[in-house]
Amino acid sequence: MIIRLALAVCLGLVATAPASSGGDLNDGYDGAQAITVSANGQSSNLPVPTGPASRIKDIATLQTARDNQLIGYGLVIGLQGTGDGLRNSPFTEQSIRAMLRNLGIAMEDGRARAKNVAAVIVTANLPAFVQSGSRIDISVSSLGDATSLAGGTLVMTPLRAPDGEIYAVAQGPVFVSGFTAQGEAETLTKGVPTSGRIPNGAIVERQVEARFNDDRALTMQLRNPDFSTAVRITDAINLYTTGRFGKRLASEQDARTILINRPGGISAARFVAEIENLIIRTDTPARVVVDERTGTIVIGQDVKISQVAVSYGALTVRITEQPKVVQPAPFSRGETAEEPSTIIDAQQDDARVALLDGPDLQTLVAGLNRIGVKPDGIIAILQGIKSAGALQAELVLQ
């Protein structure tokens with residue numbers, strides 16, 4: 001059923017109760033709480049936004065469909081002499097002894113000298129609604145002083161959640177994107193050879209109890225919180241549910257959260273599938289993001305500048321040391337000495353005064369380019385315009 005909306009609206013869903021359907025391994029929450037949603041308000045009279053049209057699923061997430069983090073400690077074997085130095089990483093030697101002992105191999109007294117083993121930390125995200133026997137990706141990172149994990153194989157490693165229970169077991173060859181080449185006088189390293197990934201490297205052994213279909217109220221969360229977007233999303237959902245189920249079911253709670261009552265006679269999965277494909281137009285605040293380290297400047301679509309005059313000129317100061325050697329007069333008792341000589345030259349490029357008036361993004365960019373300065377100069381100009389109160393946007397410095 002396709003419904004064309006006369007008013008463009010935007011969806012955002014946020015959580016107020018702990019996750020239950022997706023499972024939350026960080027606490028002892030074990031039941032779906034009933035949430036009453038008041039949805040008897042009227043549609044808002046907000047102006048139609050100019051942002052891009054997006055589906056609800058692209059700008060909001062279902063709070064109960066959350067991931068859980070897993071972590072484990074293991075060993076990577078089969079390295080070509082790039083493993084941990086057992087003198088600097090004693091925990092690696094202890095792990096080797098414990099592993100061999102579990103395999104029924106007794107080591108004689110004395111230190112192990114293997115250089116093809118590295119201790120690693122294994123991390124993974126356990127997706128919501130995953131079942132036992134499913135496979136998930138894992139990340140492997142060196143814990144000791146190994147120089148590379150290339151060519152290694154992760155030995156069976158249990159992965160635990162914050163509740164201390166084992167939910168998956170990881171094992172397999174490690175894929176590393178970086179490399180290291182070393183000679184007697186030079187070393188070349190590209191990427192990070194001490195970390196890698198194992199696609200589908202872990203098997204889920206224990207599933208998280210899911211109660212998604214038992215929830216009578218759904219909580220959705222906006223990825224980019226905005227009051228206007230949350231209200232427009234609420235209006236879009238209510239417009240759809242009024243025609244589909246005969247009543248309004250959504251209610252905005254704040255700039256990030258929307259609560260939705262699930263109607264009877266339909267499963268939660270099917271209901272979410274219907275509303276997440278509604279098309280809306282997002283609304284975001286005007287923002288300018290500046291990264292001074294790389295000289296990157298990102299200007300949002302709605303950024304505007306009041307008319308302001310800007311002058312920019314670079315002052316260059318050059319200091320040159322030219323010491324002179326002074327010789328003593330003939331037949332004197334003087335000594336040869338060095339006399340300091342410094343030349344200071346100051347030069348300032350011709351500064352031009354330009355008028356900036358940015359009623360829209362295209363005019364603003366054209367005005368900045370007209371000044372003819374480099375990105376670091378534009379960053380300084382934007383900061384000055386903000387201090388003058390002429391930049392009608394948030395300036396974010398990274």
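Bear in mind that the values in this text are calculations on the coordinates, not laboratory data. Remember, it's a predicted structure, so these values are computed and weren't measured experimentally. No Cβ is skipped: glycine too gets one built from the backbone with ideal geometry, and neighbour counts run over all protein chains shown.
Per 0.36 nm of contour for each residue apart, how much would the distance between THR296 and TYR73 grow if the chain were fully extended, relative to their Cα-Cα spacing?
Stretched out fully, the THR296 to TYR73 stretch lengthens by 76.4 nm.
Show which lysines lie in cross-link reach of LYS190 when reach means a straight Cα distance below 28 angstrom and same-chain residues fewer than eight apart are skipped.
Result set, ordered by chain and number: LYS115.
Using 0.36 nm times the number of residues separating VAL192 and ASN116, minus their current alpha carbon distance, what extension gain do you get?
Roughly 25.5 nm would be gained on extension.
When the label point is put 7 Å from the Cα of SER141 along its Cα-to-beta-carbon vector, which residues of the stretch 192-206 have a backbone N closer than 16 Å?
192-198
Cross-link candidates for LYS386: which lysines have Cα within less than 17 Å, leaving aside residues fewer than 8 places away along the same chain?
Of all the lysines, those that pass the test against LYS386 - Cα under 17 Å, at least 8 places apart if same chain - are LYS304.
Measure off 7 Å from each Cα along the Cα-to-Cβ vector at ARG87 and ARG160, then give the distance between these two points in nanometres to one decimal.
Roughly 3.3 nm, to one decimal.
If each residue of separation counts as 0.36 nm, what is the full-extension length gain between SER132 and SER311 once their alpha-carbon separation is subtracted?
57.9 nm
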